[in-house]
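The values are calculated or read from the model by the stated rules, or taken from the named source; none is laboratory data. Here the structure is a predicted model, which is why all the values come from computation and not from measurement. A quick note on method: Cβ atoms are made from the backbone with ideal geometry, for glycine too, and the neighbour counts reach across all protein chains shown.
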Amino acid sequence: MLNKLSLLRLFGFVFFVCIHPQLLAQSSSGANIATYPSEYSVDLSDWRPDFLDRCYLYEQVPNENSRRIQSLLELLSQETSLALPLLENAQASKVTFCIDDREDGSFSYYDNNFKLIAIKSHLNLNTQLIFLIHELRHVDLIGRGYCPSLDYAMKEMTRLTMATEADAQAVTTLAIWRLSSLGHEGLWQTLRKIKNYEDIALAFELEFNQTQDDLLATRAAFGQWYKAEWRPDIYYLAACLSYLDQLDSGKRLQSYELLPDGFFNQLCDLPEGSNYGCLVTTQIKNP
């Protein structure tokens, strides 16, 4: 069990209950808050006291980390049908982008309490971009209501957790494919070599070679996420444990409420207005 759970850190897995921004607790220390950009309401000194050196802020003297993030954002922005709208959505939601050098086995994570995407410093530029897009999709999903809630049954929340992880990786694969078509071929080769993700990229590529349809290929990538049996097993276990922990800390009674009919209908909507059809997959139709 411990070995399986430790693997979750490779995916930056975080299970949290959505909190509305106005309910976020403000830091009692107030450290660095005076120099934090006024358009942001969350004090990141509780995330890291040195956040000013780690994050991309619009009123700061450039440093190594902020220049790296700027390079990532500029590269990502070249793909205007998917990657750029995901970025613009995160920026509109006041998400901060940071570089984290703490070694915990993860590649990246999105912290909804701090409204922060963190990418690990030990990764190369291409790998950082891949995981940045993955987290941007999570921001998009959460903003559209696809976020864990104790108001529903644990089984329903594990189903949601797996679906959003599968979608985030499928959409990341699509975005990297489109960026590669713009001349950044190295991005696709990097994705094909990332351990625990290479099978998803391969499923996308095989489907695209057969159909020349990148939305069908994205659907194939979504389905492939579930086919590596260990992946759903690990996320199911972690989501259950986290759900129970949230119940305990909040002194809540467990709900047995089912998700409403049609809940997943817009899960796989893309910013361009299309939907890659994950709703018809067996994983969504027959959980």
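Of the residues making up region 77-88, those that are more than 15 Å from residue 56 (Cα to Cα) and in contact with a helix residue (DSSP H, G or I) (Cβ under 9 Å, 6 or more places away or on another chain) are 77, 78, 79, 81, 82, 83, 84, 85, 86. Among the criteria (1) of a type outside the set (S, T, N, Q); (2) surrounded by fewer than 13 Cβ atoms within 10 Å (Cβ to Cβ); (3) within 13 Å of residue 271 (Cβ to Cβ), the one residue 64 does not fulfil is (3). Taking the numbered list (1) surrounded by fewer than 18 Cβ atoms within 10 Å (Cβ to Cβ); (2) more than 16 Å from residue 283 (Cα to Cα) in turn, residue 233 passes all entries but (2). Sort out which residues of region 55-74 are part of a helix (DSSP H, G or I) and in contact (Cβ under 8 Å) with a residue 60 or more places away in the chain, and write them in order of number. Correct list: 68, 72.
Listed here are the residues, each with its yes/no results for (1) buried (at least 16 other Cβ atoms within 10 Å of the Cβ); (2) over 18 Å from the mean Cα position of the chain (by Cα); (3) in contact (Cβ under 8 Å) with a residue 40 or more places away in the chain.
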position: 242; (1), (2), (3): yes, no, yes
position: 245; (1), (2), (3): no, yes, no
position: 251; (1), (2), (3): no, yes, no
position: 266; (1), (2), (3): no, no, yes
position: 283; (1), (2), (3): yes, yes, yes
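The test for being touching a residue at least 12 places away in the same chain (Cβ under 8 Å) and in contact with an Asp or Glu (Cβ under 8 Å, 6 or more places away or on another chain) holds for residue 114.
When region 113-161 is limited to residues that are crowded, with 19+ Cβ neighbours inside 10 Å and charged (D, E, K, R), the one that is farthest from residue 269 (Cα to Cα) turns out to be 120. Residues in region 75-134 that are within 16 Å of the chain's Cα centre (by Cα), assigned to a loop (DSSP other than H, G, I, E, B) and on the phi < 0 side of the Ramachandran plot: 82, 93, 95, 106, 107, 112, 113, 114.
Just to be sure, is residue 106 under 16 Å from residue 179 (Cβ atoms) and among the hydroxyl-bearing types (Ser, Thr, Tyr)? Criteria not met by residue 106.
When residue 42 is tested against (1) touching a residue at least 12 places away in the same chain (Cβ under 8 Å); (2) closer than 30 Å to residue 196 by Cα, exactly one condition is not met: (2).
Filter region 70-88 down to the residues that are under 16 Å from residue 177 (Cα atoms) and small (Gly, Ala, Ser), then identify the one that is surrounded by the fewest Cβ atoms within 10 Å (Cβ to Cβ). Going through the qualifying residues, I end up with 77. Exactly one residue out of 173, 164 is surrounded by fewer than 23 Cβ atoms within 10 Å (Cβ to Cβ), in a helix (DSSP H, G or I) and modelled with pLDDT of 95 or more, and it is 164.
Any residue at all in region 188-203 that is in contact with a helix residue (DSSP H, G or I) (Cβ under 8 Å, 6 or more places away or on another chain), closer than 21 Å to residue 108 by Cα, polar (S, T, N, Q) and crowded, with 20+ Cβ neighbours inside 10 Å? Yes, the conditions are met somewhere in region 188-203. Among the residues making up region 146-161, a single one is in a helix (DSSP H, G or I), of a type in the set (Ser, Thr, Tyr) and within 25 Å of residue 215 (Cβ to Cβ): 161.
Residue-level check: of (1) surrounded by fewer than 19 Cβ atoms within 10 Å (Cβ to Cβ); (2) over 20 Å from residue 176 (Cα atoms); (3) at pLDDT 95 or above, residue 2 misses just (3). Would you mind stating whether residue 256 is surrounded by fewer than 16 Cβ atoms within 10 Å (Cβ to Cβ), of a type in the set (Ser, Thr, Tyr) and farther than 17 Å from residue 145 by Cα? For residue 256, the condition - surrounded by fewer than 16 Cβ atoms within 10 Å (Cβ to Cβ), of a type in the set (Ser, Thr, Tyr) and farther than 17 Å from residue 145 by Cα - is met.
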